[in-house]
Amino acid sequence: MNIAETGAEGVSTAPKKNLFQSVRMFPRQDNGNQQPPATEFAEHAARVNSPPSKAADKGFSAEIDGIASRIKQFGRDVPRFTTGLPEADELVYGDRFAFLVACSLDRDAKSQVIWRIPYYIKQSLGHLDPEKLSRMSLEEIGNLLNRLPAKPRYMNDAPFTIRQLAQTVSNEFGNNADAVWIGRTVLDIRDTLLAIRSVGPGIANMTINLLHRYFGIAFQVDDFRRIDVKPDVHVERVFLRTGLSTGAERALFAARLHSPEYPGELDLGAWEIGKRWCHANAPLCGACPLGDTCPKMKVHITRV
C-alpha cells in the first residue's frame, strides 16, 4: 500500500529520481483506464501463451500463473496495516475522511509516518471536519503541518491537497466522505480522487483497493478489472524478478495480463514481499514466501 513502512519522520526534501520513481503512465482510453502500448502487451502475452513445443518457454505460462496466485494469496493473508500508534489506527480506520487524507498524502515517504498525520491534525485542531478544513487558508494549513510531529514529504503541495480534498467532500458530498464511493463506480471514484491536487493514478488505485480490502466496499465484477496496482519500486522489483514483468515500468499491464479479473489484487502481496524480503540489495530469498517458485531473475539488480 504501499504502507507498512517504518522510519524517520518529517522528511521534506524532494526524492531522488530513479528508474521507477517517475513511472511512465500509459495513454488514457475513452473509459479512463490507462492502457499499455499494444505492441508491448502483445509481445509479453505471446511469450506467456506460446506453445509448449518451444523448449525455452515450456511451462512458462503455468509457472507465472503459479507465482501470481501465490502473490495474491500472500496479500490476502497480510494483516491490516498499522501506524504503530493505536490512536492513529483507530482514527484512520474509523473516520473515512481521515482515511482519505492519509491515502492522499502517502507519496514517497514512510507510510507509517504519513498515516499518523490525520491523528496529529485532529489533536492540534480539536477536529478533523472537512467543512471546517475547507475554509482554512493555505497558509493556515501549511503552518498547521509545520507544527506536527509527522510531516508530509511534499510540504508545498500538501496544503493544496488537504484543502481541495476537504472542499470536495464538503461541497460535493455533503461533508460525508463515505458518499465519495457509496453507489459509485470505480471510474467515478477514481475521477473524483484524480481531481485532487497531487493525487495520481497510483494513489487513486491504492485508495480504491484499500476501500475493498479494509472496509469491504463492494464493486461490480467489471469494476474490479479497472483497479490497477500502484507500480512503486517494491512492486516493480518483485514483478521483474519473478518474471511477471518483462522490463522496467511495465507492472501496470503485467498485472492486467496475469490477473485480468482484478489486477490490483497483486498489489499488496507484491509490495509486502518487496519491502520485507525482495530488497534491492541482498534480497532474503531463503525467507521469501515465494520460495522455490520464484525464478529469481536479475536478483543482483540495484536500481529497483
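The values are calculated or read from the model by the stated rules, or taken from the named source; none is laboratory data. Keep in mind the model is a prediction, meaning the values are calculated, not measured. Here the Cβ is made from the backbone with ideal geometry for all residues, glycine too, and neighbour counts use every protein chain on show. Ligands, DNA and RNA are excluded from the accessible area calculation, which covers all protein heavy atoms including side chains. Shrake-Rupley method; radii C 1.70, N 1.55, O 1.52, S 1.80 Å.
A few points about this structure:
- Consider the stretch 74-122 and keep the residues that are among the hydroxyl-bearing types (S, T, Y) and assigned to a helix (DSSP H, G or I). The one that is surrounded by the most Cβ atoms within 10 Å (Cβ to Cβ) is Y119.
- Test: residue in the stretch 261-279 that is under 21 Å from D108 (Cβ atoms), without any contact (Cβ under 8 Å) to a residue 24 or more places away in the chain and open to solvent by 10 Å² or more (accessible area, probe 1.4 Å): yes
- For the stretch 153-163, the condition holds for at least one residue, the condition being that it is closer than 19 Å to T83 by Cβ and at pLDDT below 95.
- Some residue of the stretch 202-214 being aromatic (F, W, Y) and either at pLDDT 95 or above or more than 14 Å from the chain's Cα centre (by Cα) (or both): no
- In the set (1) without any contact (Cβ under 8 Å) to a residue 12 or more places away in the chain; (2) farther than 30 Å from F239 by Cβ; (3) among the charged types (D, E, K, R), D77 fails one condition alone, (2).
- A251 satisfies every condition listed in (1) among the aliphatic types (A, V, I, L, M); (2) under 25 Å from G291 (Cβ atoms); (3) surrounded by fewer than 24 Cβ atoms within 10 Å (Cβ to Cβ) except (3).
- Note on the stretch 223-248: residues that are aliphatic (A, V, I, L, M), more than 14 Å from the chain's Cα centre (by Cα) and open to solvent by 30 Å² or more (accessible area, probe 1.4 Å) total 1.
- Residue within the stretch 193-207 that is surrounded by 19 or more Cβ atoms within 10 Å (Cβ to Cβ) and outside any helix (DSSP H, G or I) present: yes
- The single residue among A179, A166, A158 that is closer than 26 Å to V233 by Cα and aliphatic (A, V, I, L, M) turns out to be A158.
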